[in-house]
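Visitor: Structure below; questions to follow.
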Amino acid sequence: PSDNYTLLTQILSLLFCYLAHYRETLVNSLRISSPEKRLQQLVSFYIEQHYTKPSLSELAGSVGYTPAYLSGKIGKVFGKNFQTLVQEKRLQVAEMLLRTTNLSVDEIIRTVGYENQTHFHALFRRAFGVSPLRYRISKRG
């Protein structure tokens with residue numbers, strides 16, 4: 001009988017821990033569902049899926065806003081404009097490809113959606129302090 005009581009106490013304690021965790025998860029998910037947070041998630045997801053050929057007009061149409069209105073909302077929610085968010089994503093992917101693949105720099109530039117190599121090199125150097133090739137060499141040591 002004493003062992004059953006101990007086991008029951010441990011099970012109840014575990015159950016209350018799970019309930020407390022679930023309560024926090026539920027409260028956090030309700031907080032996340034604010035209109036600004038939903039917009040942030042939608043924009044982030046769109047950029048994740050379309051960073052090679054992004055279109056503010058296409059995104060605006062999919063969420064029911066005009067491009068100008070969405071642009072303003074993005075600026076307020078992210079503190080950056082749409083093009084900057086896309087640029088950051090492209091550079092993030094390019095950096096990862098430089099570290100993890102043997103694709104040439106030119107192939108990476110096209111893969112992430114840039115057409116102008118000089119522009120990409122300038123952006124990459126500004127973001128990482130070195131050229132893409134030097135970055136690759138330094139990370140592969």
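Visitor: Looking at the stretch 41-66, which of its residues are more than 24 Å from residue 115 (Cα to Cα), outside any loop (DSSP other than H, G, I, E, B) and open to solvent by 50 Å² or more (accessible area, probe 1.4 Å)?
Guide: Once the filter is applied, which keeps residues that are more than 24 Å from residue 115 (Cα to Cα), outside any loop (DSSP other than H, G, I, E, B) and open to solvent by 50 Å² or more (accessible area, probe 1.4 Å), the stretch 41-66 yields 41, 42, 61, 62.
Visitor: How many residues, within the stretch 48-77, are of a type in the set (Val, Ile, Thr) and more than 16 Å from the chain's Cα centre (by Cα)?
Guide: 2
Visitor: Report, by residue number, each residue of the stretch 78-99 that is open to solvent by less than 40 Å² (accessible area, probe 1.4 Å) and either among the aliphatic types (A, V, I, L, M) or under 12 Å from the mean Cα position of the chain (by Cα) (or both).
Guide: Correct list: 85, 86, 89, 90, 91, 93, 94, 97, 98.
Visitor: Something else now. Can you tell me how many residues within the stretch 98-119 are more than 17 Å from residue 138 (Cβ to Cβ) and part of a helix (DSSP H, G or I)?
Guide: Result for the stretch 98-119: 8.
Visitor: OK, next. On the basis of being acidic (Asp, Glu) and in contact with a Phe, Trp or Tyr (Cβ under 8 Å, 6 or more places away or on another chain), does residue 88 make the cut?
Guide: It is false that residue 88 is acidic (Asp, Glu) and in contact with a Phe, Trp or Tyr (Cβ under 8 Å, 6 or more places away or on another chain).
Visitor: What are the pairs with Cβ atoms under 7 angstrom where one residue, in the stretch 51-64, is closer than 15 Å to residue 39 by Cα and the other, located anywhere, is open to solvent by 60 Å² or more (accessible area, probe 1.4 Å)? Sequence gap at least six, or different chains.
Guide: Matching pairs, first to second residue: 60/66; 63/42.
The values are calculated or read from the model by the stated rules, or taken from the named source; none is laboratory data. No experiment lies behind these values; they were computed from the predicted model shown. Note that each Cβ is placed from the backbone with ideal geometry, even for glycine, and that neighbours are counted across all protein chains shown. Accessible surface is based on the protein model in full, side chains and every heavy atom, while ligands, DNA and RNA are left aside. Shrake-Rupley method; radii C 1.70, N 1.55, O 1.52, S 1.80 Å.
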